[in-house]
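Notes follow once the structure below has been shown.
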Amino acid sequence: MLRRTTRGIAGVRDIFGRLGLIAAAAFTLAGCDSNTAREIRVVGSSTVYPFTTAVAETFVNQGGGRRAPVVESIGTGAGLKRFCEGVGWEFPDIANASRRIKKSEYQLCQANGVGEIMEVQIGVDGVALAEANNGPRLRLSKQDVYLALAANPLGKPNAARTWRDVNPSLPAIPIQVMGPPSTSGTRDALVELVMEPGCAAADPQANALKAAKDAAPYDTRCKRIRDDGPYIDKGENDNLIVQGLAANPNALGVFGYSYLEENIDRLHGVPIEGVTPTYATIADGTYPGARPLFLYVKKRHLRAVPGLADFLTLYTTMWNPKGKLTQRGLIAAPDALRAKSAQIVAQRAALDPAGLH
Amino acid sequence: MTETPHKMSARGVSVFYGDKQAVKDVSIDIAMDKVTAFIGPSGCGKSTFLRTLNRMNDTIPSARVTGDIMLDGENIYSSAMDVVQLRARVGMVFQKPNPFPKSIYENVAYGPRIHGLAPSKPDLDAIVERSLKRAGLWEEVKDRLQDSGTALSGGQQQRLCIARAIAVDPEVILMDEPASALDPIATAKIEELIHELRGRYAIAIVTHNMQQAARVSQRTAFFHLGTLVEYGDTDQIFTTPREERTKDYITGRYG
Amino acid sequence: MSKSLVPQLPTGPKEPDAKGSWRAPTDWTTHAMQKRIRRRYGAERRFRFFGLAAVSLSAAFLAFLLITMVANGWRGFTRTDVALPIDFPASGMLIERAQLRTPAADLALAGAGLENAVKGAAATAFGPGGEEFISENAWLRIRDAIKADPSILDRKMRIDVPASTEIDQAVRGDGNAEAKATVAKLQQAGALSRHFNLDFLYESDSTDPVAVGIWGALKGSLLTMAVTFLIAFPVGVLSAIYLEEYAPKNRWTDLIEVSINNLAAVPSIIFGLLGLAVFLGSWNLFGYQFGPLLPRSAALVGGLTLALMIMPVIVIASRNAVKAVPPSIRDAALGIGASPIQVVFHHVLPLAMPGILTGTIIGMARALGETAPLLLIGMRAFIVTPPGGFTDPATVLPVQIFLWSDEVSRGFVEKTSAAIIVLLVFLLAMNGLAIYLRNKFETRW
């Protein structure tokens, strides 16, 4: 007989009920979606990022209702680590890399059951040292760079503060080099292509140390970059380095060639061993800082992720010297190398780990 | 004087706030058709004891009540008693008028609505009108029921609170110094209202105004320092009190 | 009734105390008093001045921020277009008209070589190298025009397409000599036009700064905010109500209160790590592999992480608002037999709502601008299409700004400022909505 005519409480209970349903539905859908087809996922190098994103955009614009690939720029090292964490829907399909995969990384991949991977070289990039157009016009050798930037050149802490301390023929301006952090593949390339040969040239013990079982002394002398001031870690944002050079004409910047090309009206490349970084010198390898750019692909994902094979095929059509990626700053690999890479994609050839180190 | 049945009875009631004892061993009866007044100096425990009658002390974490209080023979502190329904049966009007910040209509309608006393809107309207009439407020507000309850004058607000308490059709109404915050005219109106309500509800009123107690009540209880000193017919208490302390209080020696 | 013993009020004034005489009245007109008055007036004036100065300083900072952002970013809402003459019949494209009305139209047009045809038309119109003048995505504009009106395929048309970034920059006066010469040439031919366009608000992320838009990130922000609100608000408010109204006051509740206060001060990146571990991590439990609960970069994960972050703020603000409700209201409600739940939801909560909403506004505004925790859970990717639902990969406005600021192409600089404007407008809109709701609650009761 006594009917409840309360309004407020019923209203609140209603809202909670609906919220609960929404939450349950969302979680169920989340579980559902992830185990069925999903979008292509790419992680890795910030140098390869502009090219992979261009391909991703073209991929979607071709139509057919394709899901947009998700491309993250976290650095080559971090990218390969995430790539090798395992195989499955929650792991990336492709890793962008601005250097070759290391043996230890490959072993990590195998330990986590990733299986066979494809190594596809998409082109070439150059690690460029740049200065502002009104800068001191330095001309450096690899040894100069090594002696200026190493933490322990020739086994002793680095005491050089000006370029003249490093090489008497250089002007007496303070050493100021702005570059990327240690997670960056660009920095790895600087170390591998410029610092290490410079160490070999300057230090008679370098080769012996390199061949030794314990890599630590070699790393300390030849590969570590100083952190006492002259080398300034500017973070992953290369635009900050560009701005920094405009503000400080005596400084040098380290970044990939594409940033140099984009800002060629304000900056110019510093010649290393007499070779200035240009498209031609990087393409034919005469510039010492030339390095290959790679994609690493999990073969096991080729079947599971729809469109992954098409994506790679699209990449092969865009990396020619007259292709779209060149317009974005990619330096095309030599013809023979390109053909070989295209063949790897077409035949899904797996990487042979024998050549890695 | 004939003995009318007692609506509420308290036996050996003590109230503790933590370790401090505010009410000591009080036994008293509230008669069905009479107004019972609790008088005494400030801090003597009369308000505290009043609040035990509808278990409002439950809201204070450190409060502890011992003893028995019966409503129609049922112990209100037993676990079988639903506090919410108890408070509908034993209503309360507070010292400072505290209407809800809602419309006048909503203020009065809230109680019947939450207790499910009005199955339809016309029933609810009827209850509201009846309650406001009994509280003597209907003529003044019948044209502005949607106005906010807090926009009324002090006296009107208190009558609104009384209407609100009446709307749930209680059996007992407890009033804690209902007119102490009001001016003399409003006070007179409240006292008149108590007269009119007397037959329908058992009323217990706490007051520090002895003339008011003398005017409105038929039974008076005098509290002092937490104990019930004397309890009897109002006439007798105010003319020939038995206890010395009662006499001292009434003649103004203290308090 | 015999005469009451209650005494009547005494009449007449009291006599002065036998002990002391009356105290002499204070002389308020002495020099010392005047000086006090002047000092007091001075202090009041100075205080008013400092208050005004503080407000003016804050307003000046705000004005500076807004003006700088608008000055840098309004150009992001403009676009340079090139009028492209294109002769469809002569282009040699083979397109089946019937296919244009089906969902396969995009594939058909791409397959028929529309992109190359557009580039060829540009080369014909502007000479060799002419295809550099139009944006790479210009052919998409032509594609949309064809889909809208297939009959144009029989005609020669002059269609406005977006210019390339170099031309766009040169028009603004920022580019190399070659580009500026081209611009002069095109302007003479009447082929260039600049206008305000709102495509920036509809398009999604792109590698071409001319074609880029904020809609993908905006939708991601909307979805993330929705999830954050739907989780943080009820949980936060209910926690506050429980702690204030129901929980016993003992050592445990004190500990909870201290913990919540500390949580409100934890840096946001810690919540990112928490979200990464809980929602995206996988564990081995009893030999069974519990995989990630949710997909990476999803708005749902971002929303949950941010909800964890702002919940303490909402709890603290709600507790204070509930505490501020006068006990007389509660007593009144209890007195007529309202149950504890009814007291809370019918009386306390409506009165506390303005304070609760204020706390929610503060929390949500903080969540909207958060970047660091979202970077950790992967909402930092390049995604060309806007998210379809809560589990699709998405990005949010502040992260999009961060990503664009790192882009190589210079055209992204003003797009970044334009995105900041959009973020500020979104923030203002959200605050405005919350303040409106708060006022509505305040007047209703």
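The values are calculated or read from the model by the stated rules, or taken from the named source; none is laboratory data. Keep in mind it's a predicted model, so treat the numbers as computed, not measured. So basically every Cβ, Gly included, is an ideal-geometry build from the backbone, and we count neighbours across all protein chains shown.
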- Message: Take the conditions part of a loop (DSSP other than H, G, I, E, B), touching a residue at least 24 places away in the same chain (Cβ under 8 Å) and more than 26 Å from C:Val325 (Cβ to Cβ) and apply them to B:Pro99. Does it pass?
- Response: no
- Note on the structure: Scanning the stretch A:57-84 residue by residue, the ones that are more than 21 Å from the chain's Cα centre (by Cα), within 7 Å of chain C (Cβ to nearest Cβ) and not in a loop (DSSP other than H, G, I, E, B) total 2
- Item | Residue list for the stretch A:280-309, restricted to those being within 19 Å of A:Lys81 (Cβ to Cβ) and surrounded by 21 or more Cβ atoms within 10 Å (Cβ to Cβ) | A:Leu293, A:Phe294, A:Leu295, A:Tyr296, A:Val297, A:Lys298, A:His301
- Message: Just to be sure I understand the filter: pairs with C-beta atoms under 8 Å, separated by 6 or more residues or on different chains, first member in the stretch B:150-170 and in contact (Cβ under 8 Å) with a residue 60 or more places away in the chain and under 13 Å from B:Arg87 (Cβ atoms), second member of a type in the set (Val, Ile, Thr) and not in a helix (DSSP H, G or I). Which pairs pass?
- Response: B:Arg164/C:Ile336; B:Ala165/B:Val93; B:Ala165/B:Ile173; B:Ala165/C:Ile336; B:Val168/C:Ile336; B:Pro170/B:Val90
- Message: So if I check each of C:Val82, C:Val118, C:Val70, which one is among the hydrophobic types (A, V, I, L, M, F, W, C), assigned to a strand (DSSP E or B) and under 30 Å from C:Val161 (Cβ atoms)?
- Response: C:Val82
- Task: Test C:Pro89 against the stated conditions and say whether it is at pLDDT 80 or above, touching a helix residue (DSSP H, G or I) at 6+ places or on another chain (Cβ under 7 Å) and surrounded by fewer than 17 Cβ atoms within 10 Å (Cβ to Cβ).
- Result: yes
- Query: Which of the residues that make up the stretch B:177-199 are touching a residue at least 40 places away in the same chain (Cβ under 8 Å) and not hydrophobic (A, V, I, L, M, F, W, C)?
  - Reply: B:Glu177, B:Pro178, B:Ser180, B:Lys189, B:Glu192, B:Glu196, B:Arg198, B:Gly199
- Query: When you scan the stretch A:209-231, how many residues do you find that are surrounded by fewer than 16 Cβ atoms within 10 Å (Cβ to Cβ) and more than 17 Å from A:Leu193 (Cβ to Cβ)?
  - Reply: 11
- Query: Out of all the residues in the stretch B:96-109, is one or more more than 14 Å from chain C (Cβ to nearest Cβ) and more than 12 Å from B:Ala167 (Cβ to Cβ)?
  - Reply: no
- Item | Of all residues making up the stretch B:72-96, the number that are in a strand (DSSP E or B) and surrounded by fewer than 16 Cβ atoms within 10 Å (Cβ to Cβ) | 2
- Checked the stretch A:85-105 for anything in a strand (DSSP E or B) and hydrophobic (A, V, I, L, M, F, W, C); matches are A:Ile94, A:Ala95, A:Ala97
- Note on the structure: Selection over the stretch C:197-250 where residues are basic (Lys, Arg) and more than 30 Å from C:Ala321 (Cα to Cα) yields a count of 1
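Conditions tested, residue by residue: (1) under 30 Å from A:Arg38 (Cβ atoms); (2) modelled with pLDDT under 90; (3) in a loop (DSSP other than H, G, I, E, B).
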{"site": "C:Arg410", "(1), (2), (3)": "no, yes, yes"}
{"site": "C:Val413", "(1), (2), (3)": "no, yes, no"}
{"site": "C:Ser417", "(1), (2), (3)": "no, yes, no"}
{"site": "C:Ile420", "(1), (2), (3)": "no, no, no"}
{"site": "C:Gly432", "(1), (2), (3)": "no, yes, no"}
- Query: Pick from the stretch C:396-445 the residues that are surrounded by 20 or more Cβ atoms within 10 Å (Cβ to Cβ), among the hydroxyl-bearing types (Ser, Thr, Tyr) and closer than 28 Å to C:Thr305 by Cβ: which of them is farthest from the other protein chains (Cβ to nearest Cβ)?
  - Reply: C:Ser417
- Task: Considering each of C:Trp283, C:Trp252 in turn, give the residue that is aromatic (Phe, Trp, Tyr) and at pLDDT below 90.
- Result: C:Trp283
- Message: Can you find, within the stretch B:41-71, the residue that is nearest to B:Ala31 (Cα to Cα) among those that are at pLDDT 90 or above and in a loop (DSSP other than H, G, I, E, B)?
- Response: B:Leu53
- Identify the residue in the stretch A:96-116 that is at pLDDT 90 or above, away from chain C (no Cβ under 14 Å) and surrounded by 24 or more Cβ atoms within 10 Å (Cβ to Cβ) and, among all such residues, is farthest from A:His301 (Cα to Cα). A:Ala97
- Query: So which helices (runs of 4 or more DSSP H) stay within the stretch A:263-330 end to end and still have 3 or more residues that are in the same structural domain as A:Val87 (by TED's automatic domain parsing), in contact (Cβ under 8 Å) with a residue 12 or more places away in the chain and among the hydrophobic types (A, V, I, L, M, F, W, C)?
  - Reply: A:308-318
- Query: Does the stretch A:296-312 contain at least one residue that is within 14 Å of chain C (Cβ to nearest Cβ) and in contact with a Ser or Thr (Cβ under 7 Å, 6 or more places away or on another chain)?
  - Reply: no
